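Since every read-out is calculated from the coordinates, none of them should be taken as a lab result. Quick caveat, the model's predicted, so the values are computed rather than measured. When we count neighbours, we look across all protein chains shown, and the Cβ atoms used for this are built from the backbone with ideal geometry, even at glycine.
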């Protein structure tokens with residue numbers, strides 16, 4: 001039997017390999033190399049608008065995310081890792097959204113992306129996120145297509161959508177105000193999807209659409225549109241106009257004194273869009289997912305936490321956009337903690353179908369994440385201007401709250417085709 | 001559909017566009033500078049007016065209360081005078097910064113005014129906050145009025161009337177005063193103006209101040225229609241620039257006629273195909289420039305030198 005002699009070279013090579021293997025796989029739990037990986041801060045990319053139509057809402061959304069992250073960091077972060085954030089302005093522009101998402105994932109190595117107000121931007125970001133397998137929270141955009149035709153395995157949608165709000169409002173409005181409806185629709189994805197949902201509901205409840213006006217994004221003069229509304233003389237105007245366009249429209253409707261007649265149904269009213277305006281700008285009935293004066297446990301304490309966190313913010317009380325940013329981020333971080341990993345598939349599986357108690361979310365009904373569409377099913381509130389309120393910030397008068405299953409967007413369930421787990425790239429940072 | 005309300009609407013809109021473009025036109029004509037800070041000066045005018053109408057005097061509660069007791073019409077009138085003067089001062093400061101760019105490629109002035117626009121917008125955000133604000137108005141120009149069966153905003157009619165008066169006053173200034181003659185001469189041949197013993201530096205500063213004051217005035221008049229937020233100015237620069245190019249750079253009446261045409265295009269398109277209303281102004285620009293490259297009333301432009 002021949003025996004190979006142990007040379008100095010082979011001894012050195014084997015020792016080196018043994019040492020290298022032991023560095024990573026030795027019995028010790030906390031080597032320097034292992035520590036460097038596990039203690040690496042968890043970076044989250046904030047994809048909210050800081051300029052353009054939704055700059056103000058984007059700032060509010062971001063404040064919500066940052067408060068949730070701050071609370072986790074005060075308790076040691078998540079999985080023992082401190083959470084860091086990086087924000088790049090998505091400029092309320094889909095092309096910028098794509099670019100920002102690509103950079104945050106490939107260059108900044110963010111574990112998750114959070115934030116959106118514009119549905120066009122959210123859709124653009126989610127396409128990039130799906131390509132890489134990065135989990136993305138669409139916190140505040142509310143086009144039905146976001147959890148319908150444009151849904152993705154990595155995307156979770158936290159706001160109520162146009163169909164949810166229309167479901168809550170249309171039947172009551174037909175009974176109370178009349179059957180002849182006119183649609184005033186922002187000419188982009190959210191407006192079109194919301195208008196389609198409203199049209200379908202109006203038809204199904206025996207109403208009629210007498211006209212529809214498409215409003216280009218960036219419209220500041222609504223005179224010709226309001227002349228058309230007067231000429232069509234509908235019973236109800238259902239408006240799906242958002243951001244700065246909506247602010248200009250409200251101001252001009254108020255000047256004409258048209259807020260009372262016809263009746264106005266404004267699909268959703270984001271708090272940053274109306275905060276501080278005179279109440280006559282807040283005409284009609286509109287939807288929201290949360291209000292700072294809800295008489296529910298935890299709400300007052302949440303408002304105090306907001307005020308302590310942001311003492312210098314012009315908006316003295318939190319609104320629905322802040323709320324969505326906060327609860328979405330909090331739930332994701334809880335999910336990561338429970339999953340014990342940042343692995344995308346593990347976290348996605350944990351979030352799908354996840355139940356969230358009414359008390360925890362400070363709403364009237366329990367909520368859950370629909371595993372088919374990835375949209376949070378939650379209580380929808382209808383509100384109007386709160387005339388004669390004791391406090392200037394108490395601008396909304398909540399008219400009703402509707403349980404999630406009553407306002408569910410069933411069309412989204414048919415339209416949404418999530419990519420399979422196998423077709424979603426594994427992602428872990 | 002009755003056409004008359006839409007024509008009236010287009011005309012009022014055109015007058016408002018003219019008001020927006022006046023200050024921009026003056027600065028382009030005389031200074032050969034495309035002032036990208038025009039929108040921020042527009043916004044600043046409205047915020048200064050907010051200060052004058054409803055000041056927040058921390059520590060002077062009694063003074064603030066007494067001032068708030070003055071009639072709103074008086075405070076609004078004061079704002080129409082004081083706020084544009086404030087913007088003029090800011091504009092003159094900007095002109096001082098611009099001096100180093102004179103005689104260099106136009107890009108330098110363009111970049112400087114773009115930078116100034118960003119700084120001013122951020123300054124507004126810091127001082128007045130990022131949220132939507134409301135400019136209080138006298139009751140006489142608030143509310144609605146009925147005209148040929150259609151409800152009109154009294155304020156919109158007031159704003160259009162105001163714009164008409166402003167256009168007339170600027171025309172009077174340019175055509176009927178010796179200062180106007182200097183402005184026009186300065187636009188045509190600034191070296192000759194200097195040779196005639198006129199202090200060109202002071203003259204340019206005053207023209208820039210006047211242009212900035214007109215931008216501020218337009219801001220005060222427009223924000224009750226558009227709403228008041230720090231970035232409201234970005235809605236101004238593109239229409240103003242488009243109107244100047246459409247009318248012919250340096251032409252006063254060109255700018256006025258172009259404003260009316262743009263107003264009518266947007267108003268009438270809004271009546272029949274609202275989704276095309278914003279793009280209609282660009283289509284109009286393409287149409288005119290295809291046949292008249294220097295705009296409607298344009299002669300050889302100073303920017304071509």
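Under the definition of partner shielding as Cβ atoms of other protein chains within 10 Å of a residue Cβ, what is the mean value for peptide A:244-256? All intermediate terms of the calculation are to be shown ahead of the outcome.
Working: counts 8, 1, 1, 6, 6, 1, 2, 10, 7, 1, 4, 13, 10.
The shielding value for this peptide is 5.
Order the peptides A:222-228, A:88-94, A:114-120 from the highest to the lowest mean number of other Cβ atoms within 10 Å of their residues. Intermediate results must be reported in sequence, preceding the final value.
Details: A:222-228: 23.7, A:88-94: 21.6, A:114-120: 30.1.
Result, highest mean first: A:114-120, A:222-228, A:88-94.
Does the range A:208-293 classify as rounded, prolate or oblate by the C-alpha gyration tensor (a ≥ b ≥ c root eigenvalues; a/c under 1.5 gives rounded; else a/b over b/c gives prolate, otherwise oblate)?
On the way: a/c = 1.62, a/b = 1.45, b/c = 1.12.
Verdict is prolate for the range A:208-293.
Which order, highest average first, do B:270-277, B:112-119 follow once you tally other Cβ atoms within 10 Å for each residue and take the mean per peptide? Show your work: numbers first, answer last.
Working: B:270-277: 19.5, B:112-119: 17.2.
Result, highest mean first: B:270-277, B:112-119.
Relative contact order for chain A using alpha-carbon pairs under 8 Å, separation at least 6, rounded to a whole percent?
Reported relative contact order: 18 percent.
Which order do the peptides A:142-152, A:393-403 come out in when sorted by mean C-beta neighbours inside 10 angstrom, highest first?
Packing proxy ranking, top to bottom: A:142-152, A:393-403.
Summarise the partner chain shielding of B:268-277 as one whole number: the mean count of Cβ atoms from other chains within 10 Å of each residue's Cβ.
6
Taking chain A as the reference, fit the longest principal axis to its C-alpha atoms, fit the long axis of helix A:8-25 to the helix C-alpha atoms, and give the angle between the two in degrees, 0 to 90, nearest 10.
The angle comes out near 30 degrees.
Kindly provide the helix-only [θ] at 222 nm of chain A, computed as the sum of -39,500 (n - 2.57) over DSSP H runs of four or more divided by all residues, to the nearest 500 deg cm²/dmol? Write down the numbers at each step before the final one.
Working: 15 runs with 181 residues, N = 429.
Rounded to the nearest 500, the figure is -13000 deg cm²/dmol.
Rounded if a/c is under 1.5, else prolate if a/b is larger than b/c, else oblate: which is the range B:1-58, with a ≥ b ≥ c the root eigenvalues of its Cα gyration tensor? Mind showing how you got there, number by number?
Working: a/c = 4.08, a/b = 1.28, b/c = 3.20.
Here the range B:1-58 falls in the oblate category.
Report for the protein assembly as shown the percent antiparallel among DSSP-assigned beta bridges with both residues inside it, nearest 5. Mind showing how you got there, number by number?
Values: 19 of 53 bridges.
Looking only at bridges with both residues in the protein assembly as shown, the antiparallel portion is about 35 percent.
Between the alpha-carbon centers of the range B:69-145 and the range B:171-226, tell me the distance in whole angstrom.
Comparing the Cα centres of the range B:69-145 and the range B:171-226, I get a distance of 17 Å.
Residues of the range A:374-413 with amide nitrogen under 11 Å from the 7 Å Cα-to-Cβ point of residue A:307?
none
Quick check: residue separation of residue A:393 and residue A:75 times 0.36 nm, minus the Cα distance between them. What number comes out in nm? Display every interim value, and only then the final one.
Values: separation 318, 0.36 × 318 = 114.48 nm, distance 3.20 nm.
In short, 111.3 nm is gained.
List the relative contact order of chain B as a percent without decimals, with contacts defined as Cα pairs under 8 Å and 6+ residues apart.
After rounding, I find 37 percent.
With a point put 7 Å past each Cα toward its Cβ, work out how far residue A:415 is from residue B:282 in nm, to one decimal.
For the pair residue A:415/residue B:282, the computed spacing is 2.6 nm.
Would you mind giving the mean number of other chain beta-carbons within 10 Å of the Cβ of each residue in B:183-196, as a whole number?
On the way: counts 0, 0, 0, 0, 0, 0, 0, 0, 0, 0, 0, 0, 0, 0.
Mean shielding by partner chains, rounded to a whole number: 0.
Using Cα centres only, tell me the gap between the range A:143-201 and the range A:215-242 in whole Å.
The range A:143-201 and the range A:215-242 have Cα centres separated by 17 Å.
With each label point set 7 Å from Cα along the Cα-Cβ vector, what nm distance links residue B:57 and residue B:74?
Here the modelled spin labels are 1.3 nm apart.
At 222 nm, what helix-only mean residue ellipticity would chain B give, in deg cm²/dmol to the nearest 500, using -39500 (n - 2.57) for each DSSP H run of four or more?
Result for chain B: -24500 deg cm²/dmol, rounded to the nearest 500.
Residues of the range B:6-34 with amide nitrogen under 11 Å from the 7 Å Cα-to-Cβ point of residue B:176?
none
If you build the Cα gyration tensor of the protein assembly as shown and take the root of 5 times each eigenvalue, what three semi-axes come out, in whole angstrom, biggest first?
50, 35, 24
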